[in-house]
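Trainee: Shown below is the structure under consideration.
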Amino acid sequence: MSYTAVFPVKRKSVLFITLVALTALCCSCGTTPASLPGAGAAGGAAYPVVDTGQTACYNDTVETGAPSSGMPFYGQDAQCGGNQPSYRDNGDGTVTDLSTGLMWQKDPGDKKTYDQAVAGASTCATGGYNDWRLPDIKELYSLILFSGTDPGGGESGDTSGLVPFIDTTCFDFEYGDADAGERVIDAQYWSATAYVSTTMGGNATQFGVNFADGRIKGYPRDAGPGGQPAKEFVRYVRGDAGYGNNSLSDNGDGTVSDGATGLMWSRDDSGAGLDWQQALAWVQQKNSENHLGYSDWRLPDAKELQSIVDYSRSPDTTSSAAIDPAFGCTSITNEAGWADWPCYWTGTTHAGVQGGANGVYVCFGRAMGYMNGRWMDVHGAGAQRSDPKAGDPADYPEGRGPQGDAVRIYNHVRPVRGTSGATAPGVDPSARTCAHDSIGVTGPAERWYLAEGATAGGFETWVLVANPGEKNARVTL
(Lines give C-alpha, C1' and ligand atoms only; values in the text may rest on other atoms or scores of the structure.)
Protein backbone atom coordinates (compact mmCIF):
# COMPACT_ATOMS: atom_id res chain seq x y z
CA MET A 1 0.00 0.00 0.00
CA SER A 2 1.35 3.47 -0.85
CA TYR A 3 0.37 7.06 -0.24
CA THR A 4 1.48 10.02 -2.37
CA ALA A 5 1.22 13.70 -1.53
CA VAL A 6 3.04 16.84 -2.61
CA PHE A 7 4.11 19.34 0.04
CA PRO A 8 5.33 22.91 -0.51
CA VAL A 9 8.49 23.75 1.48
CA LYS A 10 9.13 27.49 1.52
CA ARG A 11 12.62 28.91 1.25
CA LYS A 12 14.67 28.89 4.46
CA SER A 13 11.98 26.93 6.29
CA VAL A 14 11.38 23.56 7.90
CA LEU A 15 8.51 21.13 7.25
CA PHE A 16 7.46 18.37 9.63
CA ILE A 17 5.51 15.47 8.15
CA THR A 18 3.80 12.93 10.36
CA LEU A 19 2.78 9.49 9.16
CA VAL A 20 0.33 7.69 11.39
CA ALA A 21 -1.21 4.47 10.12
CA LEU A 22 -0.16 5.43 6.57
CA THR A 23 -1.93 8.79 6.85
CA ALA A 24 -0.08 12.07 6.22
CA LEU A 25 -0.82 15.51 7.63
CA CYS A 26 0.92 18.73 6.66
CA CYS A 27 2.39 20.20 9.86
CA SER A 28 3.47 23.56 8.49
CA CYS A 29 1.10 26.40 7.79
CA GLY A 30 0.35 26.25 4.10
CA THR A 31 -2.37 25.24 1.70
CA THR A 32 -2.95 21.52 2.19
CA PRO A 33 -3.59 19.43 -0.97
CA ALA A 34 -7.21 18.33 -1.29
CA SER A 35 -6.20 14.67 -1.16
CA LEU A 36 -4.97 15.01 2.42
CA PRO A 37 -7.32 14.17 5.28
CA GLY A 38 -9.09 16.93 7.18
CA ALA A 39 -8.26 18.02 10.69
CA GLY A 40 -9.18 16.16 13.82
CA ALA A 41 -8.24 16.04 17.46
CA ALA A 42 -4.79 14.57 17.90
CA GLY A 43 -4.46 11.07 19.22
CA GLY A 44 -8.17 10.74 19.87
CA ALA A 45 -8.03 12.91 23.02
CA ALA A 46 -11.23 14.88 23.65
CA TYR A 47 -9.15 17.80 24.95
CA PRO A 48 -5.68 17.64 23.36
CA VAL A 49 -3.47 20.21 25.08
CA VAL A 50 -1.27 21.83 22.44
CA ASP A 51 2.43 22.21 23.26
CA THR A 52 3.74 25.67 24.15
CA GLY A 53 6.24 25.65 21.30
CA GLN A 54 9.11 26.51 23.63
CA THR A 55 12.36 25.01 22.36
CA ALA A 56 15.03 26.91 24.30
CA CYS A 57 16.24 26.08 27.82
CA TYR A 58 16.99 28.66 30.50
CA ASN A 59 18.51 29.02 33.94
CA ASP A 60 17.09 31.70 36.23
CA THR A 61 18.44 34.55 34.09
CA VAL A 62 19.42 33.62 30.52
CA GLU A 63 19.10 31.02 27.78
CA THR A 64 21.39 28.02 28.19
CA GLY A 65 22.05 24.63 26.70
CA ALA A 66 19.80 21.77 27.72
CA PRO A 67 20.69 20.63 31.27
CA SER A 68 21.30 16.93 31.86
CA SER A 69 19.39 14.76 34.30
CA GLY A 70 20.51 15.49 37.84
CA MET A 71 21.73 18.96 36.95
CA PRO A 72 20.09 22.25 38.04
CA PHE A 73 17.12 23.32 35.90
CA TYR A 74 16.61 19.86 34.40
CA GLY A 75 13.07 18.92 33.35
CA GLN A 76 11.85 22.29 32.06
CA ASP A 77 9.36 22.87 29.26
CA ALA A 78 11.71 22.62 26.27
CA GLN A 79 12.91 19.20 27.47
CA CYS A 80 9.41 17.71 27.55
CA GLY A 81 7.87 17.04 24.16
CA GLY A 82 4.16 17.47 23.61
CA ASN A 83 1.37 17.73 21.08
CA GLN A 84 3.08 20.11 18.64
CA PRO A 85 1.26 23.16 17.21
CA SER A 86 0.03 22.45 13.68
CA TYR A 87 -2.16 24.66 11.51
CA ARG A 88 -3.67 24.75 8.03
CA ASP A 89 -4.51 27.97 6.22
CA ASN A 90 -7.69 27.12 4.35
CA GLY A 91 -7.34 30.02 1.93
CA ASP A 92 -10.79 31.43 2.72
CA GLY A 93 -10.02 33.60 5.75
CA THR A 94 -10.00 30.64 8.13
CA VAL A 95 -7.24 28.61 9.80
CA THR A 96 -7.74 25.06 11.10
CA ASP A 97 -5.83 23.88 14.15
CA LEU A 98 -4.84 20.34 13.22
CA SER A 99 -4.22 19.44 16.86
CA THR A 100 -7.54 20.55 18.35
CA GLY A 101 -9.75 20.40 15.26
CA LEU A 102 -10.97 23.95 15.92
CA MET A 103 -11.33 26.43 13.07
CA TRP A 104 -10.39 30.08 13.61
CA GLN A 105 -10.67 33.40 11.87
CA LYS A 106 -7.36 34.36 10.33
CA ASP A 107 -7.94 38.12 10.68
CA PRO A 108 -9.33 39.43 13.99
CA GLY A 109 -10.34 42.77 12.46
CA ASP A 110 -10.76 45.92 14.54
CA LYS A 111 -11.04 45.98 18.32
CA LYS A 112 -14.53 45.67 19.80
CA THR A 113 -16.25 46.17 23.11
CA TYR A 114 -17.31 42.96 24.80
CA ASP A 115 -20.96 43.50 23.83
CA GLN A 116 -19.92 44.06 20.22
CA ALA A 117 -17.78 40.91 20.35
CA VAL A 118 -20.73 38.81 21.51
CA ALA A 119 -23.15 40.32 19.01
CA GLY A 120 -20.69 40.02 16.11
CA ALA A 121 -20.46 36.24 16.30
CA SER A 122 -23.99 35.75 14.98
CA THR A 123 -23.35 37.92 11.91
CA CYS A 124 -19.84 36.64 11.14
CA ALA A 125 -19.75 34.82 7.79
CA THR A 126 -16.01 34.27 7.35
CA GLY A 127 -15.31 31.37 5.01
CA GLY A 128 -19.01 31.00 4.30
CA TYR A 129 -19.77 29.59 7.79
CA ASN A 130 -22.54 30.85 10.06
CA ASP A 131 -21.76 29.05 13.32
CA TRP A 132 -18.94 31.21 14.68
CA ARG A 133 -18.73 31.91 18.42
CA LEU A 134 -16.62 33.85 20.86
CA PRO A 135 -14.03 31.35 22.20
CA ASP A 136 -13.88 30.48 25.87
CA ILE A 137 -10.60 31.03 27.66
CA LYS A 138 -9.32 27.47 27.21
CA GLU A 139 -10.04 27.50 23.49
CA LEU A 140 -8.37 30.89 23.10
CA TYR A 141 -5.33 29.90 25.20
CA SER A 142 -4.79 26.84 23.00
CA LEU A 143 -3.32 29.24 20.42
CA ILE A 144 -0.65 30.75 22.67
CA LEU A 145 2.99 29.95 21.89
CA PHE A 146 5.80 30.61 24.34
CA SER A 147 8.29 31.11 21.54
CA GLY A 148 7.25 34.76 21.86
CA THR A 149 9.10 37.56 23.63
CA ASP A 150 7.56 39.76 26.30
CA PRO A 151 8.10 43.45 25.42
CA GLY A 152 8.13 44.39 29.11
CA GLY A 153 6.12 47.51 29.92
CA GLY A 154 5.50 48.08 26.23
CA GLU A 155 5.21 51.87 26.46
CA SER A 156 7.51 52.32 23.44
CA GLY A 157 6.05 51.92 19.98
CA ASP A 158 9.10 50.02 18.72
CA THR A 159 8.19 46.43 17.82
CA SER A 160 11.43 45.54 16.04
CA GLY A 161 12.91 42.36 17.42
CA LEU A 162 9.68 41.33 19.14
CA VAL A 163 8.01 37.97 18.54
CA PRO A 164 4.27 37.62 19.30
CA PHE A 165 2.91 34.71 21.34
CA ILE A 166 0.97 33.34 18.36
CA ASP A 167 1.93 31.82 15.00
CA THR A 168 2.01 34.83 12.69
CA THR A 169 2.68 32.70 9.62
CA CYS A 170 -0.93 31.55 9.95
CA PHE A 171 -2.74 34.20 11.97
CA ASP A 172 -2.90 37.95 11.38
CA PHE A 173 -1.62 39.89 14.38
CA GLU A 174 -0.88 43.47 15.32
CA TYR A 175 0.56 45.13 18.38
CA GLY A 176 -1.08 48.08 20.10
CA ASP A 177 -1.37 51.26 18.01
CA ALA A 178 1.07 53.83 19.38
CA ASP A 179 -0.47 56.53 17.16
CA ALA A 180 -3.77 55.97 18.98
CA GLY A 181 -2.11 56.31 22.37
CA GLU A 182 -1.90 52.56 22.98
CA ARG A 183 1.00 50.59 24.39
CA VAL A 184 2.75 47.94 22.33
CA ILE A 185 1.28 45.32 24.66
CA ASP A 186 -2.31 46.40 24.05
CA ALA A 187 -3.10 43.30 22.00
CA GLN A 188 -5.61 41.67 24.33
CA TYR A 189 -8.29 39.31 23.00
CA TRP A 190 -11.72 38.79 24.54
CA SER A 191 -12.89 35.36 25.62
CA ALA A 192 -16.41 34.26 26.49
CA THR A 193 -15.30 33.27 30.01
CA ALA A 194 -16.42 35.63 32.75
CA TYR A 195 -14.68 35.77 36.10
CA VAL A 196 -17.20 34.53 38.65
CA SER A 197 -16.06 37.25 41.07
CA THR A 198 -14.96 40.84 40.39
CA THR A 199 -11.61 42.60 40.06
CA MET A 200 -10.11 46.02 40.75
CA GLY A 201 -12.61 46.99 43.39
CA GLY A 202 -15.86 45.58 42.01
CA ASN A 203 -15.57 45.57 38.21
CA ALA A 204 -17.37 42.88 36.23
CA THR A 205 -14.50 41.02 34.59
CA GLN A 206 -13.93 38.98 31.47
CA PHE A 207 -10.87 36.78 30.97
CA GLY A 208 -8.74 37.36 27.91
CA VAL A 209 -5.39 36.42 26.39
CA ASN A 210 -2.72 38.95 25.49
CA PHE A 211 -0.78 37.60 22.53
CA ALA A 212 1.69 40.51 22.70
CA ASP A 213 2.98 39.77 26.20
CA GLY A 214 1.89 36.15 26.74
CA ARG A 215 -0.55 36.30 29.65
CA ILE A 216 -4.13 35.53 30.72
CA LYS A 217 -5.73 38.27 32.76
CA GLY A 218 -9.19 39.26 33.82
CA TYR A 219 -10.08 42.59 32.21
CA PRO A 220 -12.80 45.01 33.40
CA ARG A 221 -15.59 44.44 30.91
CA ASP A 222 -17.50 47.70 31.10
CA ALA A 223 -14.99 50.26 32.38
CA GLY A 224 -11.98 50.75 30.16
CA PRO A 225 -9.75 53.81 29.70
CA GLY A 226 -11.63 57.05 30.24
CA GLY A 227 -14.55 55.19 31.79
CA GLN A 228 -15.75 53.87 28.44
CA PRO A 229 -16.18 50.13 27.79
CA ALA A 230 -12.85 48.49 27.03
CA LYS A 231 -12.09 47.42 23.46
CA GLU A 232 -10.07 44.32 22.61
CA PHE A 233 -9.44 42.14 19.60
CA VAL A 234 -11.74 39.22 18.77
CA ARG A 235 -10.89 35.99 16.98
CA TYR A 236 -14.00 33.88 16.50
CA VAL A 237 -13.90 30.09 16.56
CA ARG A 238 -16.07 27.24 15.33
CA GLY A 239 -16.01 23.50 15.92
CA ASP A 240 -16.28 21.27 18.97
CA ALA A 241 -17.75 23.36 21.77
CA GLY A 242 -16.69 20.65 24.24
CA TYR A 243 -13.00 21.46 23.88
CA GLY A 244 -11.63 22.39 27.29
CA ASN A 245 -13.98 20.18 29.29
CA ASN A 246 -12.15 17.95 31.76
CA SER A 247 -13.02 14.36 32.68
CA LEU A 248 -11.40 13.89 36.08
CA SER A 249 -11.12 10.67 38.04
CA ASP A 250 -9.64 10.24 41.52
CA ASN A 251 -7.61 7.05 41.20
CA GLY A 252 -7.57 6.47 44.95
CA ASP A 253 -3.77 6.34 45.07
CA GLY A 254 -2.95 10.03 45.38
CA THR A 255 -3.30 10.66 41.65
CA VAL A 256 -6.03 12.25 39.54
CA SER A 257 -6.42 11.32 35.86
CA ASP A 258 -8.00 13.55 33.24
CA GLY A 259 -9.60 11.30 30.64
CA ALA A 260 -10.10 14.28 28.34
CA THR A 261 -6.42 15.27 28.09
CA GLY A 262 -4.76 11.96 28.90
CA LEU A 263 -2.71 13.58 31.69
CA MET A 264 -2.24 12.24 35.22
CA TRP A 265 -1.77 14.68 38.09
CA SER A 266 -0.66 14.49 41.69
CA ARG A 267 -3.77 15.03 43.78
CA ASP A 268 -1.81 17.05 46.35
CA ASP A 269 0.69 19.83 45.80
CA SER A 270 4.14 20.53 47.23
CA GLY A 271 2.66 21.99 50.41
CA ALA A 272 5.12 24.90 50.38
CA GLY A 273 6.27 27.66 48.05
CA LEU A 274 9.49 27.16 46.06
CA ASP A 275 11.45 29.27 43.63
CA TRP A 276 11.65 28.02 40.02
CA GLN A 277 14.92 26.13 40.34
CA GLN A 278 13.72 24.53 43.57
CA ALA A 279 10.44 23.57 41.90
CA LEU A 280 12.24 21.70 39.12
CA ALA A 281 14.51 20.01 41.66
CA TRP A 282 11.55 19.06 43.88
CA VAL A 283 9.95 17.16 40.97
CA GLN A 284 13.18 15.30 40.26
CA GLN A 285 13.46 14.39 43.93
CA LYS A 286 9.95 12.97 43.81
CA ASN A 287 10.95 10.88 40.80
CA SER A 288 13.87 9.45 42.74
CA GLU A 289 11.40 8.49 45.47
CA ASN A 290 9.04 6.80 42.97
CA HIS A 291 6.36 9.24 44.10
CA LEU A 292 2.90 7.63 44.17
CA GLY A 293 4.37 4.67 42.29
CA TYR A 294 5.76 6.62 39.33
CA SER A 295 9.16 8.01 38.44
CA ASP A 296 8.32 10.12 35.37
CA TRP A 297 6.74 13.19 36.96
CA ARG A 298 7.52 16.62 35.55
CA LEU A 299 6.69 20.25 36.09
CA PRO A 300 3.72 20.93 33.78
CA ASP A 301 4.03 23.42 30.98
CA ALA A 302 1.84 26.53 31.02
CA LYS A 303 -0.94 25.13 28.85
CA GLU A 304 -1.10 21.82 30.71
CA LEU A 305 -1.46 23.56 34.05
CA GLN A 306 -4.09 25.97 32.74
CA SER A 307 -6.06 22.96 31.49
CA ILE A 308 -7.11 22.07 35.05
CA VAL A 309 -8.26 25.54 36.08
CA ASP A 310 -11.96 25.45 36.94
CA TYR A 311 -13.27 28.87 35.90
CA SER A 312 -16.60 28.26 37.63
CA ARG A 313 -14.83 28.57 41.00
CA SER A 314 -13.09 31.37 42.87
CA PRO A 315 -12.14 32.21 46.47
CA ASP A 316 -14.96 34.79 46.71
CA THR A 317 -17.77 32.70 45.23
CA THR A 318 -16.99 29.10 46.21
CA SER A 319 -14.54 29.69 49.09
CA SER A 320 -12.07 27.53 47.21
CA ALA A 321 -9.27 27.59 44.72
CA ALA A 322 -10.21 27.67 41.05
CA ILE A 323 -9.78 23.91 40.71
CA ASP A 324 -11.98 20.83 40.93
CA PRO A 325 -12.46 19.42 44.47
CA ALA A 326 -10.78 16.20 43.30
CA PHE A 327 -7.52 18.06 43.90
CA GLY A 328 -6.03 19.08 47.20
CA CYS A 329 -4.86 22.67 47.36
CA THR A 330 -2.74 24.16 50.16
CA SER A 331 -4.19 27.30 51.70
CA ILE A 332 -2.09 30.46 52.08
CA THR A 333 -2.44 33.98 53.45
CA ASN A 334 -2.10 36.53 50.66
CA GLU A 335 -0.61 40.03 50.59
CA ALA A 336 -3.82 41.56 51.96
CA GLY A 337 -3.87 39.14 54.91
CA TRP A 338 -6.81 37.19 53.48
CA ALA A 339 -7.19 33.41 53.37
CA ASP A 340 -6.36 32.38 49.82
CA TRP A 341 -4.80 29.70 47.60
CA PRO A 342 -1.45 29.63 45.81
CA CYS A 343 -0.06 30.26 42.39
CA TYR A 344 1.68 27.25 40.80
CA TRP A 345 4.87 27.16 38.79
CA THR A 346 5.07 25.78 35.28
CA GLY A 347 8.21 24.57 33.52
CA THR A 348 7.74 27.34 30.95
CA THR A 349 10.01 30.36 30.83
CA HIS A 350 8.43 33.73 30.04
CA ALA A 351 11.21 34.98 27.81
CA GLY A 352 11.47 38.71 27.33
CA VAL A 353 13.59 41.34 25.68
CA GLN A 354 15.94 41.18 28.66
CA GLY A 355 16.32 37.39 28.78
CA GLY A 356 14.81 34.44 30.62
CA ALA A 357 14.63 35.60 34.23
CA ASN A 358 10.85 35.18 34.54
CA GLY A 359 8.89 31.96 34.87
CA VAL A 360 5.25 31.35 34.00
CA TYR A 361 2.77 30.53 36.76
CA VAL A 362 -1.00 30.09 37.00
CA CYS A 363 -3.07 31.66 39.78
CA PHE A 364 -5.50 29.22 41.41
CA GLY A 365 -6.22 31.84 44.06
CA ARG A 366 -6.68 35.58 43.63
CA ALA A 367 -4.28 37.36 41.25
CA MET A 368 -3.37 40.14 43.64
CA GLY A 369 -2.18 43.67 42.90
CA TYR A 370 -1.59 46.92 44.78
CA MET A 371 -3.90 49.67 43.50
CA ASN A 372 -5.23 52.86 45.03
CA GLY A 373 -3.24 52.30 48.19
CA ARG A 374 -4.44 48.79 48.95
CA TRP A 375 -4.13 45.14 47.93
CA MET A 376 -6.95 43.63 45.87
CA ASP A 377 -7.70 40.96 43.29
CA VAL A 378 -6.72 42.64 40.02
CA HIS A 379 -6.75 39.81 37.44
CA GLY A 380 -8.82 36.96 38.87
CA ALA A 381 -8.30 33.36 39.93
CA GLY A 382 -7.36 31.57 36.73
CA ALA A 383 -4.99 34.28 35.49
CA GLN A 384 -1.61 33.29 34.05
CA ARG A 385 1.21 35.69 34.91
CA SER A 386 4.99 35.54 35.28
CA ASP A 387 7.53 36.68 37.83
CA PRO A 388 11.25 36.40 38.63
CA LYS A 389 12.42 32.83 39.06
CA ALA A 390 14.59 33.84 42.01
CA GLY A 391 14.89 36.72 44.45
CA ASP A 392 13.05 38.25 47.40
CA PRO A 393 9.37 39.26 47.09
CA ALA A 394 10.01 41.86 49.81
CA ASP A 395 11.88 43.86 47.18
CA TYR A 396 8.48 44.61 45.61
CA PRO A 397 6.42 45.96 48.53
CA GLU A 398 3.81 47.45 46.18
CA GLY A 399 4.09 44.93 43.38
CA ARG A 400 5.04 45.96 39.88
CA GLY A 401 3.36 47.08 36.66
CA PRO A 402 0.29 49.28 36.09
CA GLN A 403 -1.89 47.22 38.44
CA GLY A 404 0.87 46.69 41.01
CA ASP A 405 0.90 42.94 40.36
CA ALA A 406 1.99 41.04 43.45
CA VAL A 407 5.36 39.42 42.77
CA ARG A 408 5.18 35.70 43.47
CA ILE A 409 8.64 34.14 43.48
CA TYR A 410 7.81 31.24 45.81
CA ASN A 411 5.03 29.26 44.19
CA HIS A 412 3.63 25.78 44.80
CA VAL A 413 4.09 22.75 42.55
CA ARG A 414 1.63 20.19 41.18
CA PRO A 415 3.50 17.58 39.12
CA VAL A 416 2.06 15.88 36.06
CA ARG A 417 2.90 12.84 33.98
CA GLY A 418 1.90 11.67 30.50
CA THR A 419 1.53 13.56 27.23
CA SER A 420 -1.74 15.02 26.04
CA GLY A 421 -3.08 13.85 22.71
CA ALA A 422 0.15 12.17 21.64
CA THR A 423 -1.03 8.58 21.81
CA ALA A 424 -3.60 6.92 19.59
CA PRO A 425 -6.62 5.40 21.38
CA GLY A 426 -5.85 2.00 22.84
CA VAL A 427 -2.07 2.39 22.57
CA ASP A 428 -0.06 2.22 25.77
CA PRO A 429 3.03 4.44 25.29
CA SER A 430 4.91 2.47 27.95
CA ALA A 431 4.60 -0.65 25.75
CA ARG A 432 6.58 0.97 22.95
CA THR A 433 9.78 -1.00 23.40
CA CYS A 434 11.21 -1.03 19.89
CA ALA A 435 11.11 1.15 16.80
CA HIS A 436 13.16 2.05 13.74
CA ASP A 437 15.21 5.21 14.28
CA SER A 438 16.23 6.37 10.82
CA ILE A 439 18.20 9.31 9.49
CA GLY A 440 17.05 9.78 5.91
CA VAL A 441 20.02 11.84 4.68
CA THR A 442 22.84 13.76 6.33
CA GLY A 443 23.17 16.44 3.63
CA PRO A 444 21.33 17.94 0.65
CA ALA A 445 19.81 15.24 -1.53
CA GLU A 446 16.99 14.69 -4.01
CA ARG A 447 16.04 11.26 -2.63
CA TRP A 448 15.52 10.20 1.01
CA TYR A 449 15.18 6.61 2.22
CA LEU A 450 13.21 6.25 5.44
CA ALA A 451 12.21 3.33 7.65
CA GLU A 452 8.55 2.36 7.49
CA GLY A 453 7.85 3.43 11.08
CA ALA A 454 7.57 1.97 14.53
CA THR A 455 7.22 -1.79 14.83
CA ALA A 456 5.67 -1.70 18.31
CA GLY A 457 3.27 0.49 20.20
CA GLY A 458 1.60 1.93 17.07
CA PHE A 459 2.68 2.97 13.58
CA GLU A 460 4.22 6.42 13.55
CA THR A 461 6.95 8.16 11.56
CA TRP A 462 8.11 11.77 11.86
CA VAL A 463 9.91 13.31 8.88
CA LEU A 464 11.81 16.61 9.04
CA VAL A 465 12.39 18.31 5.70
CA ALA A 466 14.69 21.36 5.81
CA ASN A 467 15.02 23.83 2.93
CA PRO A 468 17.88 26.27 3.65
CA GLY A 469 17.89 27.54 0.06
CA GLU A 470 16.67 30.81 -1.41
CA LYS A 471 13.99 29.17 -3.59
CA ASN A 472 10.80 27.33 -2.66
CA ALA A 473 10.82 23.56 -3.16
CA ARG A 474 8.24 20.78 -3.57
CA VAL A 475 8.51 17.44 -1.81
CA THR A 476 6.74 14.32 -3.07
CA LEU A 477 6.04 11.66 -0.44
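Trainee: Given a 1.4 Å probe and every protein chain left where it sits, what share in percent of the accessible area of region 231-336 is carbon and sulfur?
Mentor: 41 percent
Trainee: Given R₀ = 41 Å, FRET efficiency for Thr159-Ser295 by Cβ-Cβ distance, to 0.05?
Mentor: 0.35
Trainee: Roughly speaking, what is the centre-to-centre gap between region 237-282 and region 151-193 when only Cα atoms are used, to the nearest Å?
Mentor: 30 Å
Trainee: If you don't mind, another one. Counting residues in region 338-428 as N, plug N into 2.2 N^0.38 Å and put the Cα Rg over that result.
Mentor: The reported ratio for this selection is 1.30.
Trainee: Shape call for region 350-398 from the C-alpha gyration tensor, a ≥ b ≥ c root eigenvalues: rounded (a/c under 1.5), prolate (a/b greater than b/c) or oblate?
Mentor: Since a/c reaches 1.5 but b/c is at least a/b, the shape of region 350-398 is classed as oblate.
Trainee: Need one word for region 166-212: rounded, prolate or oblate. Basis is the Cα gyration tensor (sqrt eigenvalues a ≥ b ≥ c); a/c below 1.5 gives rounded, then a/b vs b/c decides.
Mentor: Judged from the Cα gyration tensor, region 166-212 comes out oblate (a/c at least 1.5, b/c at or above a/b).
Trainee: Let me ask another. Does region 35-181 come out rounded, prolate or oblate by the C-alpha gyration tensor, with a ≥ b ≥ c the root eigenvalues, rounded set by a/c under 1.5 and, if not, prolate when a/b is larger than b/c and oblate if not?
Mentor: Oblate.
Trainee: On to the next question. Could you report region 205-273's accessible area per residue, 1.4 Å probe, as an integer in Å²?
Mentor: 34 Å²
Trainee: For region 238-304, just the Cα set please: Rg and Dmax, both in angstrom.
Mentor: Spelled out, the Cα radius of gyration and Dmax of region 238-304 are 14.1, 45 Å.
Trainee: How many angstrom lie between the Cα centre of region 88-131 and the Cα centre of region 294-366?
Mentor: 30 Å
Trainee: Subtracting the Cα-Cα distance from 0.36 nm times the residue separation, let me have the gained length for Val118 to Ala390 in nm, one decimal.
Mentor: 93.8 nm
The values are calculated or read from the model by the stated rules, or taken from the named source; none is laboratory data. Since the structure is predicted, the reported quantities are computational estimates derived from the model, not experimental observations. All Cβ positions, glycine included, derive from the backbone under ideal geometry; neighbour counts span all protein chains shown. These area figures cover heavy atoms from the full protein model, side chains too; ligands, DNA and RNA do not enter into them. Shrake-Rupley method; radii C 1.70, N 1.55, O 1.52, S 1.80 Å.
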